[in-house]
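Taking it in order: structure first as structure tokens, then the write-up.
The values are calculated or read from the model by the stated rules, or taken from the named source; none is laboratory data. Only a predicted model underlies this, so the values are computations on that prediction, with no experimental measurement involved. Here the Cβ positions follow ideal geometry from the backbone for every residue, glycine too, while neighbour counts run over all protein chains shown. Just the protein is used for accessible areas: all its heavy atoms, side chains included, with ligands, DNA and RNA removed. Shrake-Rupley method; radii C 1.70, N 1.55, O 1.52, S 1.80 Å.
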Amino acid sequence: TPVQIKEFGAVNKIDFSPAPPYNYAVTASSRIHIYGRYSQEPIKTFSRFREAAYCATYRDDGRLLAAGSEEGSVCLFDVSGKAPLRQFEGHTKPVHVVGFLSDKYRIFSGGDDYSSALWDIPSATEIISYSEHTDYVRCGCASKVNADVFITGSYDHTVKLFDARTKSSVMTIEHGHPVESVLLFPSGGLLVSAGGRYVKVWDVLKGGQLLVSLKNHHKTVTCLCLNSSGQRLLSGSLDRHVKIYSTTSYKVVHSFNYATSILSLALSPEDETIVVGMTNGVLNVKHRKPEEKNENSQKKRQPVYRTYMKGRTYMPKQEDFCVSKPVKRVLRKYDKLLRGFQSSKALDAVLEPPIMLHTPEVTVAVMQELHRRGTLRSALAGRDEKQVNLLLTFVARRVIEPRFTSVLVTVADMITDIYHPVVGQSAVVDKQFLKLKEAIGKEIDYQEELLEVLGMMDTLFATFTKKSLEENKSNGVTEIIQTNRSY
């Protein structure tokens, strides 16, 4: 159930602290309230503003807070203090955009005087000012990849990318409507802008090329937000809806409906809390529903020890008929994969080091079974450098064993046929092919030598047999003569 908190005015900005316990700062009217994630009353308040405050934003370490004001000044607060640590004067009109650069020592700002400026925190001075927009500057963000890059969006329908090392903007993107919110992906390569009814995604690395334009809201889109993994993009609008998009397909996967128009939106770093600020000053806080623990899922009481031991010591009598309990057969991983006709995965399973090194006959048996099924070639194909290297290592080592030779020669032929076109592209695979060639060459030489020895032994056996026959014949004649003489 969402928690409703009433603020003093329209909530123009919500920002979560990047550091635990993940408190969030709410800017409304002339005050900045800091709430705990589960608190319904502010745990701290900054009220040193004569007029409205805007865009209270945390630094990356969660220790400092920067905010703009209606008077045109930028205030810097210590989260543990009350009075401003620094006050930067330079804008002539209200400052609606404030943020920290990723080096943590500089602040950028943008105001209704059409200008954006860069401030140095230690010296409290202005580093550089840009006056390139032709209308109010109402949104901005800083790059987390480059400490010198920040982006501003304006009501002049443009989004400008600034580099602190240059005196002018380095990129201008035409959104087509007054820009209400901008957002950079953590990688720094994609930019999201919101204005009018449109949410547009731009490729910064391609010079601001438009990738996709989303038109899922019925009124002006006022705020944007990303989840912690970057897989979900959230947008809030004056049409009272928060849309959640998948960043892979940019399709709406979920939607929230609220009572009035939405001005601000924030998601906690752990994606556990979503906070929405509305035009009527109501702050809506939703927490992710915790997993319900089923009482029935409690651990059941186990039977006592004697229940298991009952009848174990019984000795059967002569007239008893014993029925043996069937033994449950547990299939190995590769057997399950073979049963499911997953040839490639079955081959991967038997190429794991424990099986391949200690029981190579299992690996060869699976290869033989795949060959019998006619799927060995498809199982060997489509492998990367590491997997081909593993296959060739196994084949080169075991092909010389007589019990494996017939199967592994077929495997070696198939690997050579499949990966012949890529020979020369990987030094590791080429080395294994050379080892295989060397192993087979040595085996052939060894077999030739054995054949020569076998031939010699056949000759010796033949000669020995001939001599023994002659001796037997001569002995037989002598015996006959002696027998006749005795008669």
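Accessible area per residue for the chain, computed on protein heavy atoms with a 1.4 Å probe, is 58 Å². Apolar share of the accessible surface for the chain: 53 percent from carbon plus sulfur atoms, 1.4 Å probe. With K and R counted +1 and D and E -1, the other residues having a Cβ less than 15 Å from that of Y136 yield a net charge of -4.
Test of understanding: given the chain, find the longest segment containing no GluC sites (Glu not before Pro) that are in a DSSP loop and have at most 15 other Cβ atoms within 10 Å. If you can, show how the numbers build up before the last one.
Details: sites that count: E51, E270, E272, E291, E292, E319.
It works out to 52-269.
Scanning residues 5 or more positions from Y114 or on other chains, those with amide H under 5 Å from its amide H are V137, with H placed 1.01 Å from N in the peptide plane. Its DSSP H runs of at least 4 residues, each contributing -39,500 (n - 2.57), put the calculated 222 nm mean residue ellipticity of the chain at -9000 deg cm²/dmol, to the nearest 500.
Comparing Cα centroids, segment 56-84 and segment 308-342 end up 71 angstrom apart. Computing Rg and Dmax of the Cα atoms in Å directly from the structure and comparing it against (1) 22.8, 76; (2) 31.9, 106; (3) 40.2, 153 singles out (3). Note on segment 333-443: Lys pairs 8 or more places apart or on different chains, Cα atoms under 23 Å apart, count 8. Cross-link reach is defined here as a Cα-Cα straight distance under 21 Å, omitting same-chain residues fewer than 8 places apart; for K6 the lysines meeting it are K44, K286.
Just to verify a number: FRET efficiency for C322 and R377, C-beta to C-beta distance, R0 = 45 Å, to 0.05? Intermediate results must be reported in sequence, preceding the final value.
On the way: r = 51 Å, r/R0 = 1.13.
The pair C322/R377 has a calculated efficiency of 0.35.
The distance from the alpha carbon centre of segment 359-423 to that of segment 108-167 is 61 Å, rounded to a whole number.
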